[in-house]
Amino acid sequence: MPLSLAERAGLIEPSATLAMGAEARKLKAQGLQILDFALGEPDFDTPTNIQDAAVRAMRDGKTHYTPPAGVPELREAVARVYTDQHGVKTDPAQVVISNGAKHAIHNALMAVCGPGDEVVIPAPYWVSYSDLVKLTGATPVVVSTPESAGFKMTPEQFLGAVTPRTKLLMINSPSNPTGVVYERSELAALAEAVLKTEVGVLSDEIYEQLTYGDARPTCFASLHPDLPSRTITISGVSKTYAMTGWRIGWSVAPTGVSKFIGDLQSQETSNPCSISQYAALEAIVGPQDSVREMKEQFTRRRAYVLERIEKLPGVTCLPPGGAFYAFMNVSSHFGRTLAGVKVVDSTSFCLAALAKANVALVMGSAFGAEGYARMSFATDLATLEKGFDALERFLAG
């Protein structure tokens, strides 16, 4: 008999962002010029000082196994960031370095969630959240946050979703896919609601250094003295330092949780790449000029994207306060025939845009928000211009 899959194989779907990226690459391989705005990946090269640190690490023989939770120097550097910059006293023992922030989220959920538990997730949410929850045996409880409310969960919504089975709230600010940044007062009100319950928090802060205008990131654990013991903070170097391929993220959690995460990682992956860890150390403690330069580029791109969206017929967008995404409301085009394709939902809209306009976007349904399409503006202005020109022609029917 053929080998059968375990029941958990039916719990997850391939990442929609990666799937759209793969489809775009397939069309490129056929000779088509695809304008790819699907992946959340900075187009910049990793800064030279970080590359040089990786080369030094290799030449210095840093090519062997490391402690499963990461090299002490990097854990100490991360702990200093939270102690000094966020005001959350953090011991290196609370830090676990993982193979990217996605792996850190998986580890955190495995540490505290299991069958029968529930995890509250505000929608729109990053595509992997619900599937990673399902893999633990827990149930994602998705709470829709409308555009009219700024795509932000209110304390009342959170408390209304809590049951005796609720184990965690997952929060993401700055947000993927919307770019929304909660104000500190808004997160403080949400924190007060959390502290009325027994629920913990997983705060995904991977875009914390990419904010625009008056928007400012907030470390959730810093909002109340009782929160660090109930919060797992996730971050990493991928977005801020253009290091997506280096695969270094981390979790900061209560010591007991971090110890389990380290033990789990020792069985699953041994340790993150040794060379990448030393590169990440340089990213954190080295010069930050490149971060400012990349942020300036993102700021210009954001302004251009918002200007062009205003000119797209029937498309609106809540201006993103952070990250590098435009979450466009395209629902007014549902029911239309565009370039010979009947559009009925966000999936058919994005597939039609890819097939007929050679523009790769990600459908809002993948983020728990039908009616929208996500565009990443982590690419150069010339490509963005071509993309919007193509979208204008496509939407003209």
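By the compact-protein rule of thumb, 2.2 N^0.38 Å, the alpha-carbon radius of gyration of region 22-114 corresponds to a ratio of 1.52. If the segment from SER185 to THR83 were pulled out straight at 0.36 nm per residue, it would be longer than the present Cα-Cα gap by 34.6 nm. The simple Förster model, with R0 at 51 Å and r as the Cβ-Cβ distance, assigns GLU268 and LYS311 a FRET efficiency of 0.60.
The fraction of accessible area contributed by carbon and sulfur in the chain is 53 percent, rounded to a whole number (1.4 Å probe; ligands and nucleic acids excluded).
Taking GluC sites (Glu not before Pro) as exposed when their DSSP state is a loop state and no more than 12 other Cβ atoms lie within 10 Å, the longest site-free interval of the chain runs over 1-197.
Averaged per residue, what accessible surface does the chain expose to a 1.4 Å probe, in Å²? Dividing the accessible area of the chain by its residue count gives 43 Å².
Taking a cut-off of 36 Å, what percent of all Cα-Cα pairs in the chain are separated by more than that? Distances greater than 36 Å cover 24 percent of the Cα pairs. Globularity index of region 152-243 is 1.08 (Cα radius of gyration / 2.2 N^0.38 Å, N = number of residues). Among the listed pairs LYS134/LYS295; LYS62/LYS134; LYS102/LYS196; LYS62/LYS167; LYS152/LYS311; LYS89/LYS196, those whose Cα-Cα separation exceeds 31 Å are LYS134/LYS295; LYS62/LYS134; LYS62/LYS167. Computed as a quarter of the hull surface, the mean projected area of the alpha carbon convex hull for region 240-367 stands at 11.5 nm². Extending 7 Å from Cα along the Cβ direction at ASP60 and again at LEU3 yields two label points whose distance is 4.1 nm. Computed from label points 7 Å out along Cα-Cβ, the spacing between LYS26 and ASP91 is 5.1 nm. Close amide H contacts of GLU118 (hydrogens built in the peptide plane, cut-off under 5 Å, sequence separation of 5 or more or a different chain): THR139, THR166, LYS167, LEU168. When the helices of the chain are scored as -39500 (n - 2.57) per DSSP H run of n ≥ 4 and the total is divided over every residue, the value at 222 nm lands at -11500 deg cm²/dmol.
The values are calculated or read from the model by the stated rules, or taken from the named source; none is laboratory data. Source: prediction; values computed, not measured. All Cβ positions, even for glycine, are placed from backbone atoms using ideal geometry, and neighbour counts span all protein chains on display. All accessible areas refer to the heavy atoms of the entire protein, side chains included, with ligands and DNA or RNA removed. Shrake-Rupley method; radii C 1.70, N 1.55, O 1.52, S 1.80 Å.
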